[in-house]
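The values are calculated or read from the model by the stated rules, or taken from the named source; none is laboratory data. Fair warning: this is a prediction, and the values are worked out from it, not measured in the lab. Here Cβ is always computed from backbone atoms with ideal geometry, including for glycine, and neighbour counts include all displayed protein chains. SASA here: full protein model, heavy atoms, side chains in, ligands and nucleic acids out. Shrake-Rupley method; radii C 1.70, N 1.55, O 1.52, S 1.80 Å.
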Amino acid sequence: MKLIIPMAGIGKRMRPHTLTVPKPLLPVAGKPMVQHLIEDIAATIKGQIEEIGFVIGHFGKEVEENLLAVAKKMGARGRIFYQEEALGTAHAVMCAKDMLKGSVVVAFADTLFRGEFTVDTSHEGIIWVQKVEDPRPFGVVKLDKHNIITEFVEKPQEFVSDLAIIGIYYFKDGEYLKSEMQYLLDNDIKEKGEYQLTNALENMKRKGTKFSVAQISEWLDCGSKANMLHTNKRLLETKTFPKQSSVQLINTTIIEPCCIAKNTIIKNSVIGPHVSIGANNTIENTKISDSILRHDCRIVNATITESMIGSNVEYNGKQEQSSGKQDRLNLGDYNQVN
């Protein structure tokens with residue numbers, strides 16, 4: 001089994017955090033977003049993921065090494081591919097065309113999911129979907145009585161289905177998928193100026209490929225600060241996180257669920273609920289709830305909620321905790337606020 005993860009977007013809605021780190025490598029509930037995605041897919045697929053291909057922009061050597069390390073943790077070979085220009089979903093997948101052999105999962109790195117199911121890889125194709133209240137912003141599918149897709153509809157303005165495609169796909173025959181996407185590129189077949197994966201899927205369906213669906217129970221979006229914090233909350237509530245022996249808690253209360261990484265020192269503070277703290281942080285005289293804090297920060301004299309704080313940040317709240325004021329922060333890397 002091979003896994004292709006297109007992730008070349010620059011993540012404008014997540015700035016300032018994506019100025020230094022691509023969005024799929026931002027941490028949520030103690031791990032990079034893309035690692036959660038890979039683990040969740042591996043849990044639904046029968047058999048080992050042998051190769052993971054990351055389709056990226058030119059993010060730099062450190063980012064590439066981090067991605068290859070994520071693949072290695074999963075026991076897979078990692079490969080890096082480049083998308084020089086954003087020309088659509090089919091174009092992104094074709095950047096990793098060397099991996100389109102045998103059975104393949106394609107997973108766009110903007111979303112995480114929860115679902116209690118196992119994918120039957122004997123099917124010709126499977127598309128992950130979830131019911132949504134307003135299907136107009138999404139690509140949706142229509143099904144027959146046997147749970148087979150009869151139609152793909154992109155952003156329907158009139159109701160045709162409430163089953164939205166979340167951006168994860170299984171293909172039994174990667175070579176066939178590649179040939180259909182190559183046809184789009186060779187004949188310059190675009191929709192809204194881009195080469196769309198759904199157009200290739202529609203052609204495959206018309207030629208007889210039967211696509212079924214894997215319906216998830218919860219779709220966790222990470223496209224904005226508010227959504228990222230909600231996803232962090234839900235993952236903390238539903239996953240188990242090991243305690244780090246190197247964490248020092250001095251006169252500190254932890255309100256679970258929280259995830260605190262190694263070599264963090266917390267004094268005279270209250271942490272939680274729903275807080276993820278990276279490695280090598282120092283926190284003193286502070287209250288933090290519903291927040292994500294990356295690594296190598298120093299936070300003192302603060303009351304913080306619904307916040308995202310990058311790495312190597314120094315923040316001094318300079319306020320009496322009894323005042324009741326709560327700061328809502330969105331600080332990128334290397335900020336100093338005193």
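Results, tabulated for the structure shown:
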{"read-out": "Complete set of residues in the stretch 132-150 that are within 25 Å of the chain's Cα centre (by Cα) and assigned to a strand (DSSP E or B)", "value": "139, 140, 141"}
{"read-out": "Selection count where residues are closer than 25 Å to residue 42 by Cβ, open to solvent by 70 Å² or more (accessible area, probe 1.4 Å) and either aliphatic (A, V, I, L, M) or in contact with a strand residue (DSSP E or B) (Cβ under 9 Å, 6 or more places away or on another chain) (or both), scope the stretch 167-223", "value": "5"}
{"read-out": "Among the candidates 153, 129, 160, residue that is part of a strand (DSSP E or B) and more than 22 Å from the chain's Cα centre (by Cα)", "value": "153"}
{"read-out": "Flag if residue 85 is within 21 Å of residue 13 (Cβ to Cβ), open to solvent by 10 Å² or more (accessible area, probe 1.4 Å), of a type in the set (Asp, Glu) and at pLDDT below 95", "value": "yes"}
{"read-out": "Residue tally, condition open to solvent by 40 Å² or more (accessible area, probe 1.4 Å) and touching a helix residue (DSSP H, G or I) at 6+ places or on another chain (Cβ under 9 Å), over the stretch 40-68", "value": "3"}
{"read-out": "Criterion violated by residue 318 - all others in (1) open to solvent by 20 Å² or more (accessible area, probe 1.4 Å); (2) not in a loop (DSSP other than H, G, I, E, B) satisfied", "value": "(2)"}
{"read-out": "Test: residue in the stretch 88-95 that is part of a helix (DSSP H, G or I), under 22 Å from residue 163 (Cβ atoms) and open to solvent by 30 Å² or more (accessible area, probe 1.4 Å)", "value": "yes"}
{"read-out": "Selection from the stretch 114-134 of residues that are over 19 Å from residue 176 (Cβ atoms) and open to solvent by 10 Å² or more (accessible area, probe 1.4 Å)", "value": "114, 115, 116, 117, 118, 130, 131, 132, 133, 134"}
{"read-out": "Residue ID - nearest to residue 106 (Cα to Cα), chosen from residues in the stretch 42-90 that are without any contact (Cβ under 8 Å) to a residue 60 or more places away in the chain and of a type in the set (S, T, N, Q)", "value": "48"}
{"read-out": "Residues of the stretch 2-31 classified as without any contact (Cβ under 8 Å) to a residue 60 or more places away in the chain and open to solvent by 30 Å² or more (accessible area, probe 1.4 Å), total", "value": "3"}
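Every residue, every condition in (1) at pLDDT 90 or above; (2) open to solvent by 10 Å² or more (accessible area, probe 1.4 Å); (3) among the hydroxyl-bearing types (Ser, Thr, Tyr), yes or no:
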{"position": "70", "(1), (2), (3)": "yes, no, no"}
{"position": "97", "(1), (2), (3)": "yes, yes, no"}
{"position": "100", "(1), (2), (3)": "yes, no, no"}
{"position": "137", "(1), (2), (3)": "no, yes, no"}
